[in-house]
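The values are calculated or read from the model by the stated rules, or taken from the named source; none is laboratory data. What you see is a predicted model; the values in this text were computed from it and never measured. Cβ atoms come from the backbone with ideal geometry, glycine included; neighbour counts cover every protein chain shown.
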Amino acid sequence: MARKDWILLLLVVLFPLCCRGQDVVLQEAEGHCPESYFPFEGVCVSSFALQNRSVAEIVSEIQRIKGGSSATDNQKQANESGCRTKITDDDGDILKLRNGAIVEKTSYGYLGYIGYNKDAILLRKGTQYHLVIEGKDRVYRVDVLRPPNSCRSLSIYRIEADHNDELFIINGERFEAKLYCMGWYEGHRVAFLDGSAYGACVSASLLNINRLETCDVWCE
């Protein structure tokens with residue numbers, strides 16, 4: 001048999017195995033599924049699987065994928081931490097924090113006037129640091145010139161359910177976006193900049209750690 005015929009034969013044999021290995025995949029960062037996949041409880045199921053596999057096989061694959069996902073999520077959370085603090089002094093892009101840290105803004109964009117003793121959160125994701133400042137509607141990437149000597153830790157929660165970019169279940173409580181929190185989905189990790197994770201508030205400001213965005217919500 002000619003070489004090209006062997007290659008074609010291998011493709012015919014291996015292609016179904018390749019597709020079978022991708023019957024269930026994790027949803028993308030923004031909760032979307034690839035083309036020809038259908039969303040189901042945090043994963044994506046291929047049309048191939050729906051047509052060619054039994055329900056028991058699909059459920060087993062979903063459980064396997066989600067098991068691996070949980071380990072990955074745990075690793076992500078282990079690499080994330082945050083400190084609540086205040087900004088005590090600023091000199092251009094250099095900011096001093098009450099917890100002893102000194103940081104330098106490295107992201108593009110004008111920082112502008114900050115004001116006296118503003119609340120802030122120094123967030124670590126892996127090897128990168130970000131700063132959230134009270135009254136600012138964006139998250140700034142920073143380099144840590146001097147690490148903090150103390151840390152009032154930040155509690156991180158998971159979005160348990162979402163609907164239409166405006167209704168979210170977090171910590172068992174309902175929160176409704178004042179406008180829209182675009183692209184915020186089930187499974188994303190969030191922190192409360194103000195307000196209460198127990199719903200004991202009129203309104204709250206949330207930080208989406210996955211997207212590094214903030215959004216204002218009503219507490220219900």
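What tally of residues in the stretch 119-130 results from selecting those that are part of a loop (DSSP other than H, G, I, E, B) and crowded, with 16+ Cβ neighbours inside 10 Å? Before you say what the answer is, go through the steps one by one.
Step one: filter the stretch 119-130 for residues part of a loop (DSSP other than H, G, I, E, B), giving 126-127.
Then keep just the ones that are crowded, with 16+ Cβ neighbours inside 10 Å; that gives none.
Here the count works out to 0.
Of all residues being under 26 Å from the mean Cα position of the chain (by Cα) and not in a strand (DSSP E or B) in the stretch 100-118, which is surrounded by the most Cβ atoms within 10 Å (Cβ to Cβ)? Just the residue, please.
In this case the residue turns out to be Ala101.
Can Gly199 be described as touching a strand residue (DSSP E or B) at 6+ places or on another chain (Cβ under 6 Å), surrounded by fewer than 17 Cβ atoms within 10 Å (Cβ to Cβ) and in a loop (DSSP other than H, G, I, E, B)? Spell out the reasoning first.
Numbers: touching a strand residue (DSSP E or B) at 6+ places or on another chain (Cβ under 6 Å): yes; surrounded by fewer than 17 Cβ atoms within 10 Å (Cβ to Cβ): yes; in a loop (DSSP other than H, G, I, E, B): yes.
Against the criterion (touching a strand residue (DSSP E or B) at 6+ places or on another chain (Cβ under 6 Å), surrounded by fewer than 17 Cβ atoms within 10 Å (Cβ to Cβ) and in a loop (DSSP other than H, G, I, E, B)), Gly199 qualifies.
Name the residue, out of Ile159, Ile133, that is on the phi < 0 side of the Ramachandran plot, aliphatic (A, V, I, L, M), out of contact with any Asp or Glu (no Cβ under 7 Å at 6 or more places or on another chain) and buried (at least 17 other Cβ atoms within 10 Å of the Cβ). Steps first, answer last, please.
On the way: Ile159 fails: out of contact with any Asp or Glu (no Cβ under 7 Å at 6 or more places or on another chain).
Step by step, each of Ile159, Ile133 is checked, and only Ile133 is on the phi < 0 side of the Ramachandran plot, aliphatic (A, V, I, L, M), out of contact with any Asp or Glu (no Cβ under 7 Å at 6 or more places or on another chain) and buried (at least 17 other Cβ atoms within 10 Å of the Cβ).
Among (1) assigned by TED's automatic domain parsing to the domain that holds Ile94; (2) part of a loop (DSSP other than H, G, I, E, B); (3) without any contact (Cβ under 8 Å) to a residue 40 or more places away in the chain; (4) surrounded by 17 or more Cβ atoms within 10 Å (Cβ to Cβ), where does Cys181 come up short?
Cys181 satisfies all of (1) assigned by TED's automatic domain parsing to the domain that holds Ile94; (2) part of a loop (DSSP other than H, G, I, E, B); (3) without any contact (Cβ under 8 Å) to a residue 40 or more places away in the chain; (4) surrounded by 17 or more Cβ atoms within 10 Å (Cβ to Cβ) except (1).
Whether any residue in the stretch 133-150 is basic (Lys, Arg), in a strand (DSSP E or B) and assigned by TED's automatic domain parsing to the domain that holds Asp119 is what I want to check. Reasoning before the result, please.
Taking the stretch 133-150 and keeping what is basic (Lys, Arg), we get 136, 138, 141, 146.
After this cut, where a residue has to be in a strand (DSSP E or B) as well, the list is 141, 146.
After this cut, where a residue has to be assigned by TED's automatic domain parsing to the domain that holds Asp119 as well, the list is 141, 146.
Looking through the stretch 133-150, at least one residue is basic (Lys, Arg), in a strand (DSSP E or B) and assigned by TED's automatic domain parsing to the domain that holds Asp119.
Which ones in the stretch 45-88 are modelled with pLDDT of 65 or more, closer than 30 Å to Asn117 by Cα and of a type outside the set (Val, Ile, Thr)?
Listed by number, the residues that qualify are Glu80, Ser81, Gly82, Cys83, Arg84, Lys86.
Within the stretch 151-178, how many residues turn out to be part of a loop (DSSP other than H, G, I, E, B) and of a type in the set (Asp, Glu)?
Going through the stretch 151-178, the residues part of a loop (DSSP other than H, G, I, E, B) turn out to be 151, 154-156, 164-166, 171-172, 178.
Among the residues that remain, those that are also of a type in the set (Asp, Glu) are: 165-166.
Number of matching residues: 2.
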